[in-house]
Amino acid sequence: MAFSPRATLARMLLMRRFEEMVITLARVHKLGRQHLAIGNEALGAAALMQLADGDLIYTTHRNHGHMIARGVDSGKALAEILGRAGGLCGGKGGTWHMTDPALGFQSTSAMVGGSIGLSVGGGFALKHRKTGGVAVALFGDGALDEGIAYEALNIASLYALPVLFLCENNSKEGEAQTSRLATKELTAVPRALKIVCASVDGGNPKAVDRAVGAALAHVRGGNGPYFLEAQLVRWPGSHQIVHEFTTGVTDVTAAWDKAKASNEHAEWQRNDPILRFAHDMIACGALTREDVVALDADANAMIAKARTFAEASPFPKPEAALAGVFV
Amino acid sequence: MPIKSFAVAMIDALAHSLRSDPNVVLIGAHSFLSDRGLRPEDERALWDAFPDRLIDPPTSEGVCTSLVTGAAMAGMRPFLNYGTATFAFEAFNQIMSEAANVSLMSGGQLRAPMTLHMFAGIRGGGAGQHSSSPQAMYANSAGLELVLPASPADAQGLLRSAIKSDNPTVVITHTRLLSMTGEVPDGDFSTPFGQARIAREGRDVTIVATSLMVREALKAAEALAQDGVEAEVIDPRTIIPLDTAAICTSVRKTGRLVTVDEGNALCSIGSEIAALVAEQAFDALKAPIVRVARPPVPIAFSPPLEAYVTPNADKVVAAVRKTMQA
Ligand SMILES: Cc1ncc(C[n+]2csc(CCOP(=O)(O)OP(=O)(O)O)c2C)c(N)n1
Ligand SMILES: [Mg+2]
């Protein structure tokens with residue numbers, strides 16, 4: 001499938017407006033901890049939009065963006081975050097455990113390293129059942145601190161499992177680190193285990209599209225696992241327990257309006273993958289300013305509808321707490 | 001006596017240990033010390049005083065447990081803080097097969113004087129993976145001491161004893177106790193293991209409660225007192241070793257027992273205390289024992305579902321009423 005700047009930006013905006021709505025709803029409904037994917041949109045959208053029916057996805061505590069990128073219903077996702085009966089998991093999973101098997105989401109594990117382990121099982125099943133599908137493990141750089149990462153990479157390589165290991169690396173030397181590896185080069189670990197590796201600027205959707213396309217072709221071609229490191233710039237608000245609009249509400253016109261691009265959030269805005277992409281696509285003539293404004297208005301409208309759905313959804317009956325442990 | 005929060009009392013116990021024994025180190029320092037209510041200058045002073053003994057390791061619970069076990073066997077007295085209790089499940093082998101076995105497997109030649117600390121419990125929105133109350137799992141290890149502090153004074157005194165103990169010791173702190181304040185004796189002190197605390201005296205029913213549930217049991221006792229029912233609330237403080245005498249003595253006085261522990265009811269701390277009383281004080285019982293605990297289900301995220309399965313004062317009152325009617 002050819003890369004579409006319009007569809008990709010639309011999806012990225014939907015992811016951003018979704019997370020901004022989570023910030024708003026967390027205040028209104030006094031929600032607890034969230035891990036927002038603001039700043040991870042380019043990677044999420046360009047990677048997950050390429051997956052096919054039958055591919056299996058395993059994600060982490062920072063999962064919202066992945067779900068929206070893959071096309072999960074944003075109303076049901078918001079309802080899940082609010083703990084409502086109409087949520088993806090009937091309110092039982094919440095922000096940390098959203099799943100949507102119809103779109104391939106097998107698991108959101110909030111245990112660091114959880115997704116990378118389960119993905120190997122998915123890859124094992126896909127290979128055994130000869131479905132042609134790919135298991136995609138999404139995980140942060142922190143997962144490589146856990147012993148299971150080594151074990152999972154080893155067994156995936158040993159058995160030539162169809163697994164795409166997609167690492168969202170948002171640690172930068174000298175700044176807040178979410179991993180403490182003795183090597184600064186994350187791919188050195190999988191490479192030592194004979195896994196084909198690449199690194200990509202995770203803030204550039206076109207580059208991500210190309211890199212993920214190559215990775216998927218490798219895995220679908222029966223060549224065993226592939227490890228792709230996406231280098232991300234950490235959103236300054238990402239450590240907060242209860243999020244704020246740390247860098248303001250996203251204003252897409254900052255992609256071309258010089259005055260806006262030099263406000264107090266200028267540094268973030270230079271790295272913001274949405275503003276970067278909009279700017280570049282306008283510069284190369286692929287999109288106009290009006291296109292960008294219209295796509296953003298669509299995203300806002302969809303998220304407003306999602307909010308209405310989520311807030312209108314009732315809480316589950318308390319006794320539901322006891323149901324569904326066993327099938 | 002000074003008033004302190006539970007969290008600060010724990011930090012003070014650790015600070016006393018660091019000062020008095022150069023072989024004490026804290027691994028997992030950040031989530032133990034930071035944003036826990038210390039004055040910023042006091043926190044800074046701690047980091048400055050012990051720059052190579054306050055350590056933030058990689059997210060590697062498994063090897064960190066092996067590291068402290070190996071270091072303890074080789075002469076140190078380490079303290080490992082996992083953060084949320086479920087993270088320690090990453091290290092189950094290292095805890096259960098390595099640390100717990102050191103003394104016995106070596107025929108008593110070796111020891112592992114180490115403390116494993118974790119924040120546990122149903123905390124609000126923790127969902128399936130951040131709501132565990134795993135005390136019974138550690139109680140079943142054979143080879144670990146198990147400490148469940150329920151007040152700021154005990155947090156400090158029991159933690160100090162845990163660090164001084166020559167055995168591997170698991171300390172479980174309920175997240176919702178961290179902000180609790182109370183009187184704590186001045187200076188450095190230790191609270192002995194195996195001595196229950198009578199948190200409230202009463203003649204009609206014995207409530208044995210652990211950790212955060214002590215507070216819920218005390219609330220329940222106040223409510224019951226309005227109806228003329230006087231509950232005795234016993235806080236065992238340590239499950240291993242367990243003060244069986246204090247529990248049986250109380251039941252012999254009241255003739256009734258309700259246990260309150262936030263863990264899963266199945267094979268729980270409450271089950272063990274019920275079995276103990278059935279074995280040792282059966283003749284004193286006037287009514288069946290009632291256990292208050294969480295049902296055996298993973299915790300759902302949605303607030304009404306979480307509330308439904310969380311043990312609290314109201315459920316303790318109902319349990320006491322049931323045993324009073326029997
Ligand atoms: C087994 C385990 N240990 C510790 C944690 C606590 N924890 C939550 S998020 C996090 C950092 C994860 O970093 P990374 O995987 O790079 O993801 P990021 O948040 O940076 O996107 C940690 C240590 C956890 N959730 N699970
Ligand atoms: Mg990270």
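The values are calculated or read from the model by the stated rules, or taken from the named source; none is laboratory data. If you're wondering where the values come from, they're calculated on a predicted model, not measured in any experiment. Using ideal geometry, Cβ is built from the backbone for each residue, glycine included, and neighbour counts are taken over all protein chains shown. These area figures cover heavy atoms from the full protein model, side chains too; ligands, DNA and RNA do not enter into them. Shrake-Rupley method; radii C 1.70, N 1.55, O 1.52, S 1.80 Å.
Along the axis of the charge dipole computed for segment B:161-235 (Cβ charges of +1 for Lys and Arg, -1 for Asp and Glu, origin at the Cα centre), the listed residues B:Q226, B:T206, B:N167 are led at the positive end by B:N167.
When the solvent-accessible area of segment B:197-325 is split by element, carbon and sulfur atoms take up 55 percent of it, the probe being 1.4 Å. Within segment A:269-292, list the residues whose amide N lies under 11 Å from a label point set 7 Å along Cα→Cβ of A:W256. In segment A:269-292, the label zone of A:W256 (backbone N under 11 Å from the point 7 Å along Cα→Cβ) covers A:279-292.
Between A:T95, A:T183, A:T250, the GNM of chain A built on Cα springs shorter than 10 angstrom shows A:T183 fluctuating the most.
Note on A:A304 and A:N271: the extension gain reaches 9.2 nm, defined as 0.36 nm multiplied by sequence separation minus the Cα-Cα distance. Buried area at the B:A interface is about 2100 square angstrom, summed over both chains, from accessible surfaces computed with a 1.4 angstrom probe. Computed over Cα pairs, the Kirkwood radius of segment A:232-294 leads via Stokes-Einstein (1.306 mPa s, 10 °C) to a diffusion coefficient of 127 µm² per second. For segment B:3-183, the fraction of 1.4 Å probe accessible surface lying on carbon and sulfur atoms is 53 percent. Pairs with C-alpha atoms separated by more than 31 Å, drawn from the list A:K30/A:K184; A:K76/A:K194; A:K92/B:K286; A:K130/A:K184; A:K30/A:K305, are A:K30/A:K184; A:K76/A:K194; A:K92/B:K286; A:K130/A:K184.
Cβ-Cβ distance of B:E183 and B:A245, R₀ of 25 Å, FRET efficiency by 1/(1 + (r/R0)^6): the value works out to about 0.40. Between helix B:269-280 and chain B there is an angle of about 60 degrees, using the helix long axis and the longest principal axis of the Cα atoms. Entry comment: accessible area of the protein assembly as shown is 40 Å² per residue, from protein heavy atoms only and a probe of 1.4 Å. Working from label points 7 Å from Cα in the Cα-to-Cβ sense, the A:A52 to B:R321 distance is 6.2 nm. Please work out the FRET efficiency for the pair A:Y159 and B:L110, using the Cβ-Cβ distance as r and a Förster radius of 60 Å; give the result to the nearest 0.05. Computed FRET efficiency for A:Y159 and B:L110 comes out at 0.95.
Counting 0.36 nm for each residue step from A:A192 to A:T131 and taking away their Cα separation leaves a gain of 19.1 nm. At a threshold of 40 Å², the residues of segment B:279-322 that become less accessible to a 1.4 Å probe in the full protein assembly than in their chain on its own are B:V297, B:F301, B:S302, B:P304, B:L305, B:Y308. Segment A:K184..A:E290, full-extension length gain: 33.9 nm, with 0.36 nm per residue of separation and the alpha-carbon distance subtracted.
Stokes-Einstein diffusion for chain B, with the hydrodynamic radius set to the Kirkwood value over Cα pairs and evaluated at 25 °C in a medium of 0.890 mPa s, equals 122 µm²/s. Using the average count of surrounding beta-carbon atoms within 10 Å as a protection proxy, the listed peptides A:106-119, B:127-140 rank, highest first, as A:106-119, B:127-140.
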